[in-house]
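Scroll down for the structure; my scribbles are underneath it.
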Amino acid sequence: MREASSRGLSHLTPEGEARMVDVSAKAETVREAAARAVLLMKPATLAAIQAGQVKKGDVLGVARTAGILAAKRTPDLIPLCHPLRITGVDVTFGLNKRASTLTIETRVRTVDKTGVEMEALTAAAVAALTVYDMVKGVEKGVTIAEVALVEKSGGKSGHWVRTERAPRGAGRKGSANGRAPGRRTGGA
């Protein structure tokens, strides 16, 4: 497993064992990350969400609360994530009637020694799962078609922005070199 460590997988020891990265020598900086989840559903399901006519209640309100809670609980769910002092979480929704999609966008902020990408992704994923839970009585075929990091800023690697979006109904695939499609827009 030495090969994995030499490729920059910082969560592995030289022997290939999982470890939590020591960030004690890193400086605290402002860090922010945004993520997105996209759900595909029947037009009637989307209309019921928008009209507030789902029997379980306010789908978007409950999903927003779940996303915020998920961001705060990320280190309890993802074993190698550091507990962070989150300073802000936003969860917003976009309903697209023509595409019959619900898009969830999350943005997480901190002033800490490591980034909040996992917190933003966890917030988006849990908010999407909550939407599914709330509407499964209306439509069991709702699909979570995408969960992706959209942007991150702060820290040594600087600002990164996703440069492409997956086609409707398709999962995202990385570029030919295996990296996520995106660009660095500066360093910090």
**OP:** Taking the Cα atoms of segment 28-155, report the difference between the largest and smallest coordinate on each principal axis, in whole Å and largest first.
**Re:** 47, 26, 21
**OP:** Calculate one ³J(HN,Hα) per residue across segment 129-146 by plugging θ = phi - 60° into the Karplus curve 6.51 cos²θ - 1.76 cosθ + 1.60, and present them in order as whole Hz with x for glycine and proline.
**Re:** 5, 5, 4, 4, 4, 6, 10, 4, x, 8, 8, 7, x, 4, 10, 8, 8, 7
Original post:
Suppose every K and R has +1 on its Cβ and every D and E has -1 on its Cβ; what is the size of the dipole of segment 1-121 about the Cα centre, in Debye to the nearest 20?
Top reply: 560
Original post:
So which of Lys72/Lys140; Lys72/Lys136; Lys55/Lys97; Lys113/Lys136 end up more than 31 Å apart, counting from Cα to Cα?
Top reply: Lys113/Lys136
Original post:
Cross-link partners among aspartates and glutamates for Lys26, C-alpha distance below 18 Å, same-chain residues fewer than 8 apart left out?
Top reply: Asp112, Glu117
**OP:** Could you pull out every one of the aspartates and glutamates with an alpha carbon less than 12 Å from that of Lys42, ignoring same-chain neighbours closer than 8 positions?
**Re:** Glu139
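Since every read-out is calculated from the coordinates, none of them should be taken as a lab result. Since the structure is predicted, the reported quantities are computational estimates derived from the model, not experimental observations. Every residue, glycine among them, receives a Cβ derived from its backbone with ideal geometry; neighbour counts consider all protein chains shown.
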